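See structure below.
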Amino acid sequence: MKQTQRYIPKDYEILLKDAELNCVIYSNDNAAIAFSGRRMKPDFHYRFDSEERMRAYVEKHLESLRAHNKAKAERKAVMNRPSELQIGAILENSWGYDQTNIDYYQVISRTEKSVKVRAIVSRLTSDVSGPMSGYCVPVKDQFLGHSPVITKRVYNGKFVSMKHGSCSKWDGKPSYCSWYA
């Protein structure tokens, strides 16, 4: 059964309403019930020994909401940083379970928050780390066959989400890879 309305006891009155925190707190005697955001279930609904304890708990709850909103805004600011990836940059995507697959992509165009990439060829180096494993490097400007142009949003200024995890700028060092059969 879906709840469509907040439960507020009949004898409770608004103690505090904060539009900035999107929070409303109702109270009666030494009891309080708080709602924040669009939630139907209360953040808390407690009876306290005294009004001082109730007010102290309410203030602690409001501080917690302020800290949560501040952290959320900081995370959003970090995630929405402008792209640091330039045209020609090479991105590396390492993925796999029983083997380590490496996919390389080259940035072919960019905007403030997104990039267009195409898969590029990689080649094995002469360094062999063991049976069916080695190191590979990308070959710039050699695109894979008919690889499509993929438009991707850039997160945190330098990461691109792909089908198998996320890509980051290639560090210039050969990447470990492995294969089976």
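What percent does the relative contact order of segment 90-178 come to when contacts are Cα pairs within less than 8 Å and at least six residues apart?
Relative contact order for segment 90-178 comes out at 33 percent.
Work out the charge dipole of the chain with +1 on the Cβ of Lys and Arg and -1 on the Cβ of Asp and Glu about the Cα centre, then indicate which of Pro174, Ile33, Ser147 is farthest towards its positive end.
My answer, from the dipole projection, is Ser147.
Can you list residues from other chains, or at least 5 along the same chain, whose modelled amide H is less than 5 Å from the amide H of Gln99?
none
Residues with beta-carbon under 12 Å from that of Asp29, excluding Asp29: net charge, scoring Lys, Arg +1 and Asp, Glu -1?
For residues surrounding Asp29, the net value is -3.
Roughly how tilted is helix 51-79, in degrees to the nearest 10 and between 0 and 90, from the longest Cα axis of the chain?
Rounded to the nearest ten degrees, it is 20.
Under unit Cβ charges (Lys, Arg +1; Asp, Glu -1), what dipole magnitude, rounded to 20 debye, does the chain have relative to its Cα centre?
620
Straight-line reach from Lys116: which lysines have Cα under 25 Å away, leaving out those fewer than 8 places along the same chain?
Here the lysines satisfying the reach criterion relative to Lys116 are Lys76, Lys140, Lys152, Lys158, Lys163, Lys169, Lys173.
Just tell me which lysines come within less than 20 Å, Cα to Cα, of Lys70; anything on the same chain fewer than 8 places away is out.
The qualifying lysines are Lys17, Lys60.
Could you go through segment 81-92 in sequence order and give the Karplus-derived ³J(HN,Hα) for each residue, using 6.51 cos²θ - 1.76 cosθ + 1.60 with θ = phi - 60°, rounded to whole Hz, and x for Gly and Pro?
With the stated coefficients, segment 81-92 comes to 4, x, 5, 9, 7, 9, 4, x, 5, 10, 10, 10 Hz.
Would you mind counting up the charge near Ala56? Only other residues with Cβ under 13 Å from its Cβ, with Lys and Arg at +1 and Asp and Glu at -1.
Once positives and negatives cancel, what remains is -2.
Show me the ranking of peptides 156-162, 78-84 by mean Cβ neighbours inside 10 Å, starting with the highest.
Highest to lowest by the protection proxy: 156-162, 78-84.
Would you mind checking segment 149-174 for residues with the amide N under 14 Å from a putative spin-label position 7 Å along Cα→C-beta of Ser94?
Zone members listed by number: 165-174.
For segment 23-181, what is the relative contact order in percent, using Cα pairs closer than 8 Å and at least 6 residues apart in sequence?
Details: 289 pairs, mean separation 31.0, N = 159.
Relative contact order here is 19 percent.
Divide by every residue of the chain the summed helix terms, -39500 (n - 2.57) for each DSSP H run of at least 4, and state the resulting mean residue ellipticity at 222 nm, rounded to the nearest 500 deg cm²/dmol. Present the calculation step by step, with values, prior to reporting the outcome.
Numbers: 1 runs with 29 residues, N = 181.
Estimated from H runs of four or more residues: -6000 deg cm²/dmol.
Only the coordinates and a few stated rules stand behind these numbers; no lab work does. What you are looking at is a predicted structure, and each value in this text was computed from that prediction instead of being measured. Cβ: placed from backbone, ideal geometry, glycine included. Neighbour counts: every protein chain shown.
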